[in-house]
Amino acid sequence: MNVPAQLNRLTEDYQKSDAAHHIHAFVDQKALNAEGPRVMMRGEGLYLWDSEGKRYLDGMSGLWCTQLGYGRRDLTAAAASQMDQLAYYNMFFHTTHPAVIELSELLFSLLPDHYSHVIYTNSGSEANEVLIRTVRRYWQVVGQPQKKIMIGRWNGYHGSTLAASALGGMKFMHEMGGLIPDVAHIDEPYWYAHGGELTPAEFGRRCALQLEEKILELGAENVAGFIAEPFQGAGGMIFPPESYWPEIQRICRQYDVLLCADEVIGGFGRTGEWFAHQHFGFEPDTLSIAKGLTSGYLPMGGLVLSKRMADALVEHGGVFAHGLTYSGHPVAAAVALANLKALRDEGIVRQVKDDTGPYLQKILQEVFGHHPMIGEIQGTGLLAALQFAEDKTTRKRFENENDLAWQCRTFGFEEGVIIRSTLGRMIMAPALVATRAELDELVEKTRIAVDRTARIAGKR
Ligand code: PXG
């Protein structure tokens, strides 16, 4: 491996310095410092190498974002050329630039006709911060300023900033001083865990009807929008039953509540469609985007608006009092443009839909369909979750499912594959450029990790 001299330091040296300066995400920092983080050095395609030279197949696309995989020279070239040309300018005070204009042209050529405008941000969290302000502004402009309340879902994830974490339904995040007024939550449509005796279809409808009940309780005249991920990502890669989204859409339309899809994980081909709401067959009013927009090569996000909303804001809204220094950053925009072009012109999204997606789902069924430890396999495209079950017939979950899933993830690292653990579910979301051979390797190494976990759990 060709490592620049200044990076060629001992792993312990990096870890010691890391412990001295960094607060990491979602971890007990003291415990992490004792153990030392893994130091990632290099990426190429689906593979990563750490500071010990160990190679991993990245089954999670970084954090669900490297759609094109690592080391794409066309993206680095796009960044370099834009930096040479115009490294920075902004979209304040009556200016714009070609990189952002061309990106938006391409973005809206990929989106359904129903959408017309975007507000760029640097992240998914910011997209959802902007969402709250934009939705409330929309209702002010159309003469219903009292419509302010946003409804989200328990166990939903919309980011880590104050308002985004309040929209989300992770209670442990709320407890860290993270709540804002005028946000309410309904239950998540997680049939395997909470469906009881109901069929998935009945449960899906029941969960959706909670939205209607909540709107009526709060007063439809006060409710601005409902936000949800088309499938829950960070909460466990949970697909709602098929009955869920049509009913949610009906309720939002009936009570004039904006339907806001958080496409930060689902967007840009993950499901085999360009956007996850297309897979699930509903039509949101807004889309929060980030991650796959740039394949993670640079930070960029955005809030996409329907024509109906954009028309009101543009034609009747006056000054839109919002802007970020880096909204529509030229280098991020140039990278996003190159990324979307590659996803389109190399037929990658189509390949996920027609070939690699069905292939991954098929081999997962073959390997885990009758596995004693796995109660449910959910997924589509290059996206899947394996649900641990103590008793598959009764859907009984392990009391220590969190520990087992973490253990499974650790076994995965030992075997050279990165998969994500959530409560009792193991998740995979490899780069969209994955070949069948790489998917075989992903599933085989995951099988070894799950089998090793099953032995600990007394299931093998
Ligand atoms: N919405 C959704 C649906 C997300 O998944 C965000 C918003 C926030 O995006 P930013 O760019 O601000 O992080 C996310 C982020 C995980 C994991 O382990 C998931 C995310 C981030 C980090 C880890 O599943 N999603």
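Since every read-out is calculated from the coordinates, none of them should be taken as a lab result. Note that the structure is a prediction, hence the values are computed from the model and not measured. Here Cβ is always computed from backbone atoms with ideal geometry, including for glycine, and neighbour counts include all displayed protein chains.
Qualifying GluC sites (Glu not before Pro) in the range 236-291, where qualification requires a DSSP coil assignment and no more than 14 other C-beta atoms within 10 Å, comprise GLU242.
Scoring 132-143, 54-65, 287-298, 192-203 by mean Cβ neighbours within 10 Å over their residues and listing the highest first yields 287-298, 54-65, 132-143, 192-203.
Here the dipole of the chain is about 300 debye; that uses its Cα centre as origin and unit charges on the Cβ of Lys and Arg (positive) and Asp and Glu (negative). Would you mind telling me the antiparallel percentage of the DSSP bridges in the chain, rounded to 5? Roughly 65 percent of the DSSP beta bridges within the chain come out antiparallel. Within the straight-line cut-off of under 16 Å between alpha carbons, the lysines reachable from LYS16 are LYS30, sequence neighbours fewer than 8 places apart in one chain being disregarded.
Electrostatic tally near GLN278: other residues with Cβ closer than 13 Å to its Cβ, Lys and Arg +1, Asp and Glu -1, net -2. DSSP finds beta bridges in the range 74-345, and of those with both partners inside it, around 45 percent are antiparallel.
As a length-normalised measure over Cα pairs under 8 Å and 6 or more apart, the relative contact order of the range 74-345 settles at 29 percent. Assign one of three labels to the chain, namely rounded, prolate or oblate, based on the Cα gyration tensor with a ≥ b ≥ c the square roots of its eigenvalues; rounded applies when a/c is under 1.5, prolate when it is not and a/b is larger than b/c, and oblate otherwise. Note, shape of the chain comes out oblate. Shape call for the range 266-316 from the C-alpha gyration tensor, a ≥ b ≥ c root eigenvalues: rounded (a/c under 1.5), prolate (a/b greater than b/c) or oblate? It is oblate, given that a/c is not under 1.5 and a/b is not larger than b/c.
Based on the Cβ-Cβ distance from LEU198 to GLN144, what FRET efficiency comes out when R0 is 35 Å, to the nearest 0.05? With a Förster radius of 35 Å, E is 0.50. Is the C-alpha gyration tensor of the range 172-239 telling us rounded, prolate or oblate? Criteria: a/c under 1.5 is rounded; beyond that, a/b larger than b/c is prolate, otherwise oblate. Taking the square roots of the gyration eigenvalues as a ≥ b ≥ c, the range 172-239 is oblate.
When the alpha carbon gyration tensor of the range 74-345 is reduced to an equivalent ellipsoid, the three semi-axes, largest first, read 31, 21, 17 Å.
Evaluated over the range 74-345, the count of Lys pairs having alpha-carbon atoms less than 27 Å apart is 11 (only pairs 8 or more residues apart or interchain). Across q = 0.16 Å⁻¹, the range 247-396 modelled as identical point scatterers on its alpha-carbon atoms has Debye log10 I(q)/I(0) values of -1.04, in the order of the q list. Within the range 387-460, the GluC sites (Glu not before Pro) that combine a DSSP coil assignment with at most 12 other C-beta atoms in a 10 angstrom radius are GLU399. Take every pair of alpha-carbon atoms less than 8 Å apart whose residues are at least six positions apart; their mean separation over the length of the chain yields a relative contact order of 19 percent.
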